[in-house]
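Structure first, commentary second.
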């Protein structure tokens, strides 16, 4: 059963919590690769990050790739949860720290540019996917999303980047590559992982020392309701 189908049209009058799908270890996982591995399961929930092409200094990115390649040689898959957490803490975390510094053009600090991205994200919200929370930082985007049945993660992300890139280039009188080719994603393992990611996304502007107006943050009303009822004891 697809969460997005239940919420068709973007309606959030009923909480989709019970219908969320997390990682099912006994079911098939589709594994694809560009420069990064991507794991997918039908209708699953994902934490996704995509960034502007100039958001990381080339030297830092080169060193990161070399360190990551060396680590992967010593940690062949399959991974248990502890090794997976070590990977993301070491490598996903380091990329996030680099981006939070605010390298590059940071065109998404402009609220009209950020609105273009926000409108792009919401275009198929409630039909092809369900957005739970997202933040648009000056040079990158974090979001937590559940896909509808049979939707492809790479096609969804590609459509976001392709459409927003055209709109942003038109508005700013620019051309060429705007977004980094690849993106980072994680299948959400369970309820605790889901709420940890919600907290991470909501806290990212403060972590990046941004002031109001330098970012855009959205959280689905049903999540805000649950957080308001039990901030320290989320459902499981």
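Things worth noting here:
- A residue that is in contact (Cβ under 8 Å) with a residue 12 or more places away in the chain, within 22 Å of residue 103 (Cα to Cα) and part of a loop (DSSP other than H, G, I, E, B) occurs nowhere in region 185-207.
- Residue match in region 64-77 (condition: in contact with a strand residue (DSSP E or B) (Cβ under 9 Å, 6 or more places away or on another chain) and over 25 Å from residue 169 (Cα atoms)): yes
- One residue stands out among those in region 31-41 that are surrounded by 12 or more Cβ atoms within 10 Å (Cβ to Cβ) and either under 15 Å from the mean Cα position of the chain (by Cα) or outside any loop (DSSP other than H, G, I, E, B) (or both): the one that is modelled with the lowest pLDDT, which is 36.
- Filter result for residue 61 (exposed (fewer than 15 other Cβ atoms within 10 Å of the Cβ), at pLDDT below 80, under 22 Å from residue 204 (Cβ atoms) and within 20 Å of the chain's Cα centre (by Cα)): yes
- Only one of the numbered conditions (1) surrounded by fewer than 22 Cβ atoms within 10 Å (Cβ to Cβ); (2) under 17 Å from residue 197 (Cβ atoms) is not met by residue 129, and that is (1).
- Qualifying residue in region 126-143 (condition: within 22 Å of residue 109 (Cα to Cα), without any contact (Cβ under 8 Å) to a residue 60 or more places away in the chain and either in a loop (DSSP other than H, G, I, E, B) or touching a strand residue (DSSP E or B) at 6+ places or on another chain (Cβ under 7 Å) (or both)): no
- Residue match in region 108-124 (condition: in contact with a strand residue (DSSP E or B) (Cβ under 6 Å, 6 or more places away or on another chain), touching a residue at least 40 places away in the same chain (Cβ under 8 Å), under 20 Å from residue 46 (Cα atoms) and outside any helix (DSSP H, G or I)): no
- Residue satisfying all of: in region 95-107; modelled with pLDDT of 80 or more and not in a helix (DSSP H, G or I); nearest to residue 139 (Cα to Cα) among these: 106
- Set 158, 150: member being within 18 Å of residue 178 (Cβ to Cβ), surrounded by fewer than 18 Cβ atoms within 10 Å (Cβ to Cβ) and out of contact with any strand residue (DSSP E or B) (no Cβ under 8 Å at 6 or more places or on another chain): 158
- Leading residue by the ranking (modelled with the lowest pLDDT) among those in region 204-216 that are touching a helix residue (DSSP H, G or I) at 6+ places or on another chain (Cβ under 9 Å) and crowded, with 17+ Cβ neighbours inside 10 Å: 208
- When every residue of region 80-94 is checked against the conditions, at least one turns out to be part of a helix (DSSP H, G or I), within 23 Å of residue 200 (Cα to Cα), in contact with a strand residue (DSSP E or B) (Cβ under 8 Å, 6 or more places away or on another chain) and modelled with pLDDT under 75.
- Matching option when the condition is farther than 30 Å from residue 102 by Cα, modelled with pLDDT of 80 or more and surrounded by 15 or more Cβ atoms within 10 Å (Cβ to Cβ), among 44, 53: 44
- Scan of region 168-195 for residues that are surrounded by 15 or more Cβ atoms within 10 Å (Cβ to Cβ), out of contact with any strand residue (DSSP E or B) (no Cβ under 6 Å at 6 or more places or on another chain) and more than 18 Å from residue 107 (Cβ to Cβ), ordered by number: 182, 189, 193, 194, 195
The values are calculated or read from the model by the stated rules, or taken from the named source; none is laboratory data. All of these numbers come straight from a predicted model, not from anything done at the bench. So basically every Cβ, Gly included, is an ideal-geometry build from the backbone, and we count neighbours across all protein chains shown.
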